[in-house]
Amino acid sequence: MKNQITNAISDFFFEYETPRQVLVRNRRVGVVCRIIQLVVLAYIIGWVFIYEKGYQSTDIAVGSVFTKMKGVGYTSINGSERVWDVADYVFPSQGDASFVVMTNYIITEGQQMGKCPELHGKHNCSSNADCEGGSFKRTGHGQMTGECVDETKTCQVLAWCPVEDDLVIPDPPMLMSAENYTLFIKNSVTFPLFGVSRSNLVEGIDAGYIRKCLYHPENAPLCPIFRLGDIVKLSGFNFETIATVGGAIGVVVDWTCNFDVAVTHCKPKYTFHGLYGNPAETDKVRASVGYNFRYAQHYMEDRIPKRTLFKVFGIRFDIIVQSLARKFDIIPTLTAIGSGVGIFGVATVVCDLVLLYLLPKRAFYKNMKFKYTDTHAQQDSEWLGLETSDCCPFDANARQGQGTGQTDDPDSEAGSTETEVPKK
């Protein structure tokens, strides 16, 4: 028992195992092997290292966005002139990354709480039986009183009266001047993994440049001031169409940086995407087009609470920051190389399948690749008390021949049965 433990420990520390290799001289198999290896090599170099940049580590930035609108609009309705500034047409007014610029509106002035007929088409009636008192209609303006107004043939409601009439949307839009408003975007990002902070006010963008620049994708791609009409055009829409009923546009600030070069090369790229819908579609095939919301200005008149209701149609702008920074790192490099070396094993697997199952001489190659042992014959010889040298002269001679170099084929024992008992 002690000898067995000693031998096991000795074998563990002082022996080295290596797989046996068979060199196969076959042109077809050799060509297949090399083609597969070339494909794997092209994948590793072309896709993993060049395209996917597997030798670099990546990081995503954290950042903030600040916006500011500038511009003045003018309207004249029934002889009533009005000037609209930023405080009137931007919602909300805090300079968030998501905001709405009003381009069209419907005003209902002098509303006060009372009873009045519902708008035609909201809840028509022919008698009081058609108006269930105390009930509401989802698209209505108030609570039904149970009376049918003969003049309008609509149900009477308890609501802010007169009710809003929004069936006709002003066209062209009331604030077409919004096309010339300007948007200033200030964005800063930080890549924590690499300890790098950047701002879209990059080198060369100073106060003097900002005062006179206006964004252009080719002539001024780094200018942070954008004309609303240009944004809508670059997103693929017509300004008058989207200003009439409203819409949504995404402004993407893309920070894709390679920190293996100078940090000053890390600059933002602006792209614009219409979230309003597909520009190629017509309004008739789209459901619920546009963007609108309501807000009210409340006031007191002769001690009676009243309000002015605005239905606002506008363009919603969403400033979206996306980022990806890369830099050389030895760990992903070694990981990519190791995985690539492992993929080279595919060539061996494919070639083994061709050798063992497809070629005419597959039985010959199978005998060359695998070495068989007959455990039953060995157990029978041990039971009879025969020594290995007595029962297996062929195996001993083969080993002796290999040691002296007298055999013609060094792989001749590959297909032999190791413990074959000779006939006496």
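Could the peptides 293-301, 57-65, 130-138 be put in order, highest first, of the mean number of other beta-carbon atoms found within 10 Å of their residues?
57-65, 130-138, 293-301
Can you order the peptides 222-231, 326-335, 79-88 by their average number of other Cβ atoms within 10 Å per residue, highest first?
222-231, 326-335, 79-88
Using the beta-carbon distance between residue 260 and residue 202 and R0 = 25 Å, what value does 1/(1 + (r/R0)^6) give for FRET efficiency, to the nearest 0.05?
Using R0 = 25 Å, I get an efficiency of 0.85.
What are the ³J(HN,Hα) couplings of the stretch 103-118, residue after residue, when phi is run through the Karplus curve with 6.51, -1.76, 1.60 and θ = phi - 60°? Round to Hz, x for glycine and proline.
Computed from phi, the couplings for the stretch 103-118 are 10, 7, 7, 10, 10, 10, 9, x, 6, 9, 5, x, 10, 7, x, 5 Hz.
What FRET efficiency would be calculated for the residue pair residue 26, residue 186, taking the C-beta separation as r and a Förster radius of 56 Å, to the nearest 0.05?
Step by step, r from the Cβ atoms, then E = 0.25.
Quick one: which of 242-255, 4-17 comes out on top by average Cβ neighbours within 10 Å, and what's the full order, highest first?
Most protected by this proxy first, the peptides run 242-255, 4-17.
Every read-out reported here was derived from the displayed coordinates using simple, explicitly stated rules and does not represent laboratory data. On a predicted model such as this, the values are computed, not experimentally measured, just so you know. We place every Cβ from the backbone using ideal geometry, glycine too, and count neighbours over all the protein chains shown.
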